[in-house]
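Student: Take a look at this one; I'll ask things after.
The values are calculated or read from the model by the stated rules, or taken from the named source; none is laboratory data. A quick note: this is a predicted structure, and the numbers were derived from the prediction, not measured. Glycine also receives a Cβ, built like all others from the backbone with ideal geometry; neighbour counts cover every protein chain displayed. Please note that ligands, DNA and RNA were not included when accessible areas were found on the heavy atoms of the full protein model with its side chains. Shrake-Rupley method; radii C 1.70, N 1.55, O 1.52, S 1.80 Å.
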Amino acid sequence: MKFKEFINEASNMVTIYHGDNYGIKKLDPKLMNNGNNQEGIGIYFGTLDVAKDYGKNIVSATVNKKRFWGSRNLMSKHTNFNMVQMLFRYLHKIDNEPLYFMATDWGIELSKPEEVNNSVLRQLAKNMMSEEVRNFQITMAQAFGVIDFVETWNKVFSDNLGTYNKELDFYAIINPKVKVTSI
């Protein structure tokens, strides 16, 4: 890494905090669909003062803020439909029924789940590019279960650590590989 790249990377690093009364030691996907999820799927982090309001057990994470997607941005701002189609292909291997219902909700005419194929997944991906990231994530986690969704999301979008809302200063970390440190 060149010195200029190192300085640029360092300027994007931020330490964020999570507070609870359970004492989490690591980011567990099964806990990523709790609460209201207003900024997407993940474990929520913010300032130290905000974390203290949520509980006495505080953990911190130092992350590169450039690796977070705007939670209220459209999917099309951060990725393309080919990547979303890849996500759908992986999820389709887990269960084709949720994608069938999504496809029909988005106006794709199908009569049974077995009709979901690559063409359907491509059209559904194109259609869902107009969804906010947070809503897209919530829909997928509800349809496939949070554990399968989080695992698949991180397989496809491995550079993404989660979502961020600048106005609220909330980060939702979806990548369980992010290390946390007890404060």
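Student: Charges at C-beta only: +1 for Lys and Arg, -1 for Asp and Glu. How large is the resulting dipole of the chain about its Cα centre, in Debye rounded to 20?
Tutor: So the dipole magnitude of the chain works out to roughly 720 debye.
Student: I need the Debye-formula profile for the range 77-127: one equal scatterer per C-alpha, no solvent, reported as log10 I(q)/I(0) at q = 0.24 1/Å, two decimals.
Tutor: -0.83
Student: In whole percent, how big is the carbon plus sulfur part of the accessible area of the chain, probe 1.4 Å, protein atoms only?
Tutor: Carbon and sulfur atoms account for 49 percent of the accessible area of the chain.
Student: Tell me the per residue accessible area of the chain using a 1.4 Å probe; a whole number in Å² is fine.
Tutor: Accessible area per residue: 55 Å².
Student: Now a separate question. Arrange the peptides 15-26, 103-114, 145-156 so that the one whose residues have, on average, the most other Cβ atoms within 10 Å appears first.
Tutor: 145-156, 15-26, 103-114
Student: Hey, how many Å between the Cα centroid of the range 29-59 and the Cα centroid of the range 112-172?
Tutor: 20
Student: For a quick size check, give me the Cα extents of the chain along its three principal axes, largest first, whole Å.
Tutor: 54, 42, 26
Student: Also, I was wondering about something else. Of Lys25/Lys179; Lys30/Lys155; Lys56/Lys177; Lys26/Lys77, which pairs sit farther than 19 Å apart, going by alpha carbon to alpha carbon?
Tutor: Lys56/Lys177; Lys26/Lys77
Student: Lys and Arg at +1, Asp and Glu at -1: add these up for the other residues within a Cβ distance under 10 Å of Thr163 and post the number.
Tutor: So the surrounding residues net to 0.
Student: Work through the residues other than Ile173 whose Cβ is under 13 Å from its Cβ and net out their charges, Lys, Arg +1 and Asp, Glu -1.
Tutor: With Lys, Arg at +1 and Asp, Glu at -1, the net is +3.
Student: Hey, got the dipole for the range 138-179? About the Cα centre, +1 on K and R Cβ, -1 on D and E Cβ, debye to the nearest 20?
Tutor: Using only the charged Cβ atoms, the result is roughly 140 debye.
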